[in-house]
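Following: one structure in structure tokens, then a few remarks.
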Amino acid sequence: TAIEDKLQDGVPACIDTLQRAGIKIWVLTGDKIETAINIAYACNLINNEMKQFIISSETDAIREVEERGDQVEIARFIREEVKKELTKCLEEVRSYFSSPPAPNLALVIDGKCLMYALDPSLRVILLNLSLNCHSVVCCRVSPLQKAQVTALVKNGARKITLGIGDGANDVSMIQAAHVGVGISGMEGMQAVMASDFAIAQFRYLVDLLLVHGRWSYLRICQVVTYFFYKNLTFTLTQFWFNFQTGFSGQRFYDDWFQSLYNVIFTALPVIMVG
């Protein structure tokens with residue numbers, strides 16, 4: 001609203017609960033790096049005990065090259081710096097995990113560096129580094145980059161992804177994820193209209209995932225198992241009957257019985273469970 005930008009109630013507790021449930025949380029924001037880190041601290045995503053890897057384009061070496069104004073040289077230099085930083089961080093991560101206990105790790109990367117890190121040649125290094133980190137914060141990213149990072153995890157790591165956002169700049173990220181959740185509020189309704197589920201506050205994500213999501217998962221498992229055995233019973237009787245008929249192709253069931261079997265055993269249990 002350009003007046004006040006603060007966390008909603010219950011966000012830190014919600015994020016802590018989701019992390020204890022084994023869900024990895026990434027923050028993709030358009031804020032500058034200092035603001036993004038402060039937000040991550042405020043919502044318990046990063047703490048002082050974590051080892052932080054910060055890959056930023058706001059370094060003296062990069063500023064010096066940018067002052068010369070040669071775009072080709074700037075692009076080449078930043079690309080080399082990003083590659084060097086990613087490789088160095090990944091080696092550090094491996095050294096931490098080779099001598100346990102390893103500390104929790106956090107990766108902070110800005111949009112300009114992310115643009116080069118998402119290059120096909122560096123994408124694998126970025127993904128390996130990110131997946132080994134407890135928290136990932138991408139700041140100064142564009143809506144397109146949000147979608148690219150989501151697609152990177154979705155396709156590269158073969159993970160189920162959920163995108164949650166409250167504004168029009170989150171629409172591409174929400175649509176790129178397997179499941180999209182929109183928050184209705186001060187930012188308008190664009191995110192809600194592009195999402196699969198709509199909630200009023202971020203903290204309701206816990207109920208959506210860990211309560212209703214769990215119930216839905218159990219219901220689907222029950223229904224899949226039921227349909228499997230329903231069809232198995234129907235098919236096996238026909239198969240055993242073929243031993244009596246010498247595999248002549250004679251049918252064990254009449255047409256009306258086949259129709260009724262599926263109507264009764266498909267419709268009624270679903271209605272009862274529902």
So what is the accessible area of the chain per residue, in Å², with the probe set to 1.4 Å? 61 Å²
Efficiency of FRET from Cβ geometry, Ser99 and Ala61, R₀ 30 Å, rounded to 0.05: 0.45
Quick check: Cα centre of region 214-233 to Cα centre of region 36-55, how many Å? 42 Å
Where the centre of each part is set by its Cα atoms, how far does region 109-132 sit from region 146-196, in angstrom? 19 Å
Among the DSSP beta bridges whose two residues both lie in the chain, what percent are antiparallel, rounded to the nearest 5? 5 percent
Amide hydrogen neighbours beyond the local backbone of Asp110, cut-off 5 Å, H modeled: Ile55, Ser57, Cys139
Highest-MSF residue in the chain out of Val263, Val153, Val82 [GNM, Cα springs under 10 Å]: Val263
Once phi is turned into ³J(HN,Hα) by the Karplus curve 6.51 cos²θ - 1.76 cosθ + 1.60 with θ = phi - 60°, what whole-Hz value does each residue of region 266-274 show in order, with x for glycine and proline? 9, 7, 4, x, 5, 5, 5, 5, x
√(5λ) per eigenvalue of the Cα gyration tensor, the chain, largest first, Å: 49, 24, 19
In region 5-69, the trypsin sites (Lys or Arg not before Pro) that sit in a DSSP loop and have at most 11 other Cβ atoms within 10 Å of their own Cβ are Lys6
Sort 242-252, 34-44, 135-145 by packing, meaning the average of other beta carbons within 10 Å per residue, with the highest value first. 135-145, 34-44, 242-252
Checking the cross-link filter: which aspartates and glutamates have an alpha carbon closer than 15 Å to that of Lys159, excluding same-chain neighbours under 8 positions apart? none
Let me test this: with uniform point scatterers at the alpha carbons of region 214-273, what is the Debye-based log₁₀ I(q)/I(0) at q = 0.29, 0.30 1/Å? -1.18, -1.21
Averaging 1/r across every pair of distinct alpha carbons in region 127-274 and inverting yields a Kirkwood hydrodynamic radius, in angstrom, of 19.5 Å
Grab the DSSP H runs of the chain that are 4 residues or longer, score each as -39,500 (n - 2.57), total them, divide by all residues and round the 222 nm result to the nearest 500 deg cm²/dmol. -17000 deg cm²/dmol
Förster-model FRET efficiency, 51 Å R0, His212 and Ile54, C-beta, rounded to 0.05: 0.85
Can you give the angle from 0 to 90° between the axis of helix 11-20 and the longest principal axis of the chain, with both taken from C-alpha atoms, to the nearest 10? 60 degrees
Between Asp254, Asp166, Asp60, where does the largest GNM mean-square fluctuation fall for the chain, given springs only between Cα atoms within less than 10 Å? Asp254
Straight-line reach check, Lys6, cutoff 24 Å on alpha carbons, 8 or more apart in-chain or any other chain, hits among lysines -> Lys24, Lys32, Lys146
Placing each pseudo-label 7 Å from Cα in the direction of the beta carbon, Met189 and Phe265 end up separated by a distance in nanometres of 4.6 nm
Just to be sure I understand: with springs between alpha-carbon atoms less than 10 Å apart, which residue in Gln201, Gln190, Gln222 has the highest mean-square fluctuation in the Gaussian network model of the chain? Gln222
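The values are calculated or read from the model by the stated rules, or taken from the named source; none is laboratory data. Small disclaimer: the values here were computed from a predicted structure and weren't measured. With ideal geometry, Cβ positions are generated from the backbone for all residues, glycine too; neighbour counts draw on all protein chains shown. Areas reflect the complete protein model, heavy atoms only, side chains present, ligands, DNA and RNA absent. Shrake-Rupley method; radii C 1.70, N 1.55, O 1.52, S 1.80 Å.
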